[in-house]
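Novice: Next up is a structure, given as structure tokens.
The values are calculated or read from the model by the stated rules, or taken from the named source; none is laboratory data. A quick note: this is a predicted structure, and the numbers were derived from the prediction, not measured. Reconstructed Cβ throughout: ideal geometry from the backbone, glycine too, with neighbour counts over all protein chains shown.
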Amino acid sequence: ELKTIILIGGPQKGTRFRPLSLELPKPLFPIAGYPLIHHHIEACSKVPNMKEIVLIGYYQQNESLSRFIASVQHEFNVPVRYLQEFQPLGTVGGLYHFRDQIMLGNPSALIVLYADISSDFPLKEMWEFHKKHNHGKHTVMGTESNPSQASDNGVMVEDPDTHELLHYVEKPETYVSSLINCGAYIFSPTIFDALKELRQKNVERSSELSYSNNVGRIMMGEQLMPYLSGQGAVYVFKTNHFWTVLKSAGSAIFANRNFLELYKTRHPDRLTLNKDNKPTIIGDVFIHPTASVDSTAVIGPNVSIGSGVIIGPGARVKDAIILDKAEIKDHCCILYSIVGWNCVIGAWSRIEGTKFEPNPNEPHARLASESLFQKNGRLIASTTVLGRNVVINPELLVRNSIVLPYKELSSSFKNEIIL
Ligand code: GDD
Ligand code: GTP
């Protein structure tokens, strides 16, 4: 028997995802037409003998989370539960804190996933790999990165023959290895012994430092992985399929593209086809059945359109996520952008971001780690994001900008955050 734990973090996280994360927890943000962790949960539910999926985070349980949980339980026919940390316990502190509930029913292994990753989640293969190693061992998913970008992540040195994890460093200052930690793990129940030790170390350290407010905070990358490495306890399952972290709006557009591409093999029914008297579709496009798109619009590639969206005649949409109930009037052009819930884009306006993708000429290139500002404080040209209920008047150009919710724009902007 197996269980899955998805670490969904909390409201202090996801700052690079504002203003979208002001509206709903980032793990529920729609990518390729479904909440981000819907993709994780679907993948986990396909692993045989999955008894339960547990979400751990420090969001207050709210209506959107409850509704989401009810709907995925029903859809995938597996129990899904939310356990709330009352303070951030770090990536694995929550695992230890809720160990009794997690181990209820004696699962033989735990799949642990970060919420903010996008991947095709090759969990069945990873589970087969895990089973080949002896009882009590753990598995971490790794992928090759471009050497110059590897240090944005936890990096790993493995034994090339056995794949044993020999050495682990979280976001090293200097080059260590280009094999990076993907944030997907399979743990044996012995993981709780290691977590207990690490918690004890926190307690000892806190009495030295004479504070003890959060000894329960235990970090995967800084503590658990280095602790387990080099003692035959962890093996690296390597994947060369798509994998990316989802931190910013630009990475959401990229993840959207990857998940849409995956639909070709896993869910062809979710992709829109070209038909007579229907909009022209280029490449991979998801259109919610309740959206209304004019037959003279041109959509795609890499576009997701939410429920109740209205797209007018002559509009052009490419590499974009259009959220529920937005309205895009006649002849608008939307490129490399996220258009928030209920936005209205006036006729002939143009909403444009900058293409943000890994350098196709470099082997194993990843998305650049995206910060919003340059050193001199200027906004970096990037994906355009319109928050909820933004109104853009007709015939305007909004480029590489972030517009906060409920703004009405009556002039053009570029490279600005509009507060
Ligand atoms: N429940 C809970 N509580 N979840 C948390 C907490 C917490 O206190 N802190 C973080 N998380 C969740 C986040 O929501 C996210 O899904 C995941 O844990 C990773 O969190 P980060 O702390 O943002 O990690 P990171 O992106 O800097 O780096 C980690 O992930 C990389 C892969 O994406 C490291 O493990 C790297 O080594 C790794 O390469
Ligand atoms: P790259 O190959 O990525 O350099 O892009 P591109 O030459 O295809 O141009 P860009 O990414 O700027 O635009 C993407 C698509 O959007 C183009 O192929 C056009 O079909 C369409 N497009 C761009 N601007 C407009 C516009 O003002 N109106 C309409 N209707 N379509 C536009």
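Novice: Restricting to the range 69-87, name every residue that is in a helix (DSSP H, G or I) and within 22 Å of the chain's Cα centre (by Cα).
Specialist: Scanning the range 69-87 gives ILE69, ALA70, SER71, VAL72, GLN73, GLU75, PHE76.
Novice: Give the range 88-110 a look and list any residue that's part of a loop (DSSP other than H, G, I, E, B), closer than 18 Å to LEU65 by Cβ and out of contact with any Gly (no Cβ under 8 Å at 6 or more places or on another chain), or say none.
Specialist: The one that is part of a loop (DSSP other than H, G, I, E, B), closer than 18 Å to LEU65 by Cβ and out of contact with any Gly (no Cβ under 8 Å at 6 or more places or on another chain): PHE98.
Novice: Take the residues in the range 327-338 that are assigned to a strand (DSSP E or B) and within 15 Å of ligand 2 (Cβ to nearest atom), then tell me which one is nearest to GLU23 (Cα to Cα).
Specialist: Top of the filtered list is SER337.
Novice: Looking only at the range 149-163, count how many residues are within 14 Å of ligand 1 (Cβ to nearest atom) and at pLDDT 95 or above.
Specialist: Residues flagged as within 14 Å of ligand 1 (Cβ to nearest atom) and at pLDDT 95 or above within the range 149-163 amount to 4.
Novice: With the condition kept exactly as written, say whether any residue in the range 29-51 is out of contact with any helix residue (DSSP H, G or I) (no Cβ under 9 Å at 6 or more places or on another chain) and at pLDDT below 95.
Specialist: No - not one qualifying residue is present in the range 29-51.
Novice: May I ask you to list pairs of residues, at least six apart or on different chains, whose Cβ atoms are under 8 Å apart, with the first in the range 165-185 being without any contact (Cβ under 8 Å) to a residue 60 or more places away in the chain and the second being among the β-branched types (Val, Ile, Thr) and not in a strand (DSSP E or B)?
Specialist: VAL169/VAL176
Novice: Going residue by residue through the range 241-253, is there one that turns out to be among the aliphatic types (A, V, I, L, M) and in a loop (DSSP other than H, G, I, E, B)?
Specialist: The answer is yes, given that some residue of the range 241-253 is among the aliphatic types (A, V, I, L, M) and in a loop (DSSP other than H, G, I, E, B).
Novice: Out of everything in the range 313-326 that is in a loop (DSSP other than H, G, I, E, B) and in contact with a strand residue (DSSP E or B) (Cβ under 6 Å, 6 or more places away or on another chain), what residue ends up being farthest from THR354 (Cα to Cα)?
Specialist: Among those that are in a loop (DSSP other than H, G, I, E, B) and in contact with a strand residue (DSSP E or B) (Cβ under 6 Å, 6 or more places away or on another chain), it is ALA326.
Novice: Of the residues in the range 1-35, how many are assigned to a helix (DSSP H, G or I) and within 24 Å of GLN87 (Cβ to Cβ)?
Specialist: 9
Novice: Please specify each residue of the range 1-23 satisfying the condition of being of a type outside the set (Val, Ile, Thr) and within 14 Å of ligand 1 (Cβ to nearest atom).
Specialist: LEU7, GLY9, GLY10, PRO11, GLN12, LYS13, GLY14, ARG16, PHE17, SER21
Novice: Scan the range 116-158 for residues that are among the aromatic types (Phe, Trp, Tyr) and not in a loop (DSSP other than H, G, I, E, B) and jot them down.
Specialist: Matches in the range 116-158: TRP127, PHE129.
Novice: Looking at (1) surrounded by fewer than 20 Cβ atoms within 10 Å (Cβ to Cβ); (2) without any contact (Cβ under 8 Å) to a residue 60 or more places away in the chain, which is the only condition ASP284 fails?
Specialist: Here ASP284 meets the rest and fails (1).
Novice: Something else about it: Are any residues in the range 384-419 assigned to a loop (DSSP other than H, G, I, E, B), among the hydrophobic types (A, V, I, L, M, F, W, C) and more than 19 Å from LYS318 (Cβ to Cβ), and if so, which ones?
Specialist: VAL390, LEU404, LEU419
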